[in-house]
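What follows is a set of notes on a single structure, which appears directly below.
The values are calculated or read from the model by the stated rules, or taken from the named source; none is laboratory data. Bear in mind the structure is a predicted one, so any value in this text is a computation, not a measurement. Using ideal geometry, Cβ is built from the backbone for each residue, glycine included, and neighbour counts are taken over all protein chains shown. Accessible surface is based on the protein model in full, side chains and every heavy atom, while ligands, DNA and RNA are left aside. Shrake-Rupley method; radii C 1.70, N 1.55, O 1.52, S 1.80 Å.
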Amino acid sequence: MIELKNVCKSFGHLEVLKNINIRVREGEKVAIIGPSGSGKSTLIRCINGLEESTGGEVFINGEQLLHCNKTMMVRTYCAMVFQQFNLYPHMTVLQNITLAPIKLQKKSKAEAEKIAYHYLDVVGLRDKARAYPSTLSGGQQQRIAIARALATRQRILLFDEPTSALDPEMVQEVLDVIIKLSHESITMVVVTHEMGFARQVADRVIFLDKGVLVEEAPPDEFFKHPKNERTRAFLSKIIR
């Protein structure tokens, strides 16, 4: 469903990604972990077309992601949940969720609202449909952002550290929603610093460091028997 071939990304003289090769099968759940500045967010933004790679190729469902087709490809296949919730403050929760289905997918208001209420049920916030984002907690806003992404009904769901902007007591409510989604057939790529979560939901864990893909393996193998010394050093600092 997603394939990166020798993907590189530089910002001026700063090389952020170095010859990244990844394949993600349809329905697979992949967690991307690594220290700050390792290129995790840049990688996921290259998948979504928000950043253009400076070398290599990105394929979505077998079609190469190019400057000329990235908007169409993202609308067709990908939805993304960001670190910050990026909800429109002047719109209600329901309006935030129905905006893309109505404007981009040309659904009727009635159909878009039916879809929105379904996903509000999924994230447990139907009662907040008429509320404005400013009245919600951070955890609730992120769950609304997830519902908004789901309402586009795309086959690929990308998460860029979805809990990093939350207070610690709000983290679990968002993780619980993503764990619930992990049982669905959606293809998911999750950039996260929550190791227990990565172990629980991922089919495969990828470790990036300094723009290099250092190691990848199924969670049990990755966390119990990491092969690379750099991986072992990283895990020893964050898993007690």
**Complete:** Reported set for segment 51-88 where residues are closer than 21 Å to residue 16 by Cα, touching a helix residue (DSSP H, G or I) at 6+ places or on another chain (Cβ under 9 Å) and open to solvent by 70 Å² or more (accessible area, probe 1.4 Å) is 52, 66
**Message:** Out of 62, 56, I need the residue that is out of contact with any Pro (no Cβ under 6 Å at 6 or more places or on another chain) and at pLDDT below 95. Which one?
**Reply:** 62
**Item:** Whichever residue in segment 182-240 is surrounded by 15 or more Cβ atoms within 10 Å (Cβ to Cβ) and of a type in the set (Gly, Ala, Ser) and, among such residues, is nearest to residue 146 (Cα to Cα)
**Value:** 182
**Request:** Working only within segment 116-138, note down all residues that are assigned to a loop (DSSP other than H, G, I, E, B) and open to solvent by less than 20 Å² (accessible area, probe 1.4 Å).
**Result:** 123, 125, 129, 136
**Fill in**
Given (1) surrounded by 13 or more Cβ atoms within 10 Å (Cβ to Cβ); (2) at pLDDT below 95; (3) within 22 Å of the chain's Cα centre (by Cα), residue 107 misses just (3)
**Asked** Given the conditions (1) within 22 Å of residue 207 (Cβ to Cβ); (2) modelled with pLDDT of 95 or more; (3) open to solvent by less than 40 Å² (accessible area, probe 1.4 Å), and given that residue 93 satisfies all but one, which numbered condition is not satisfied?
**Response** (1)
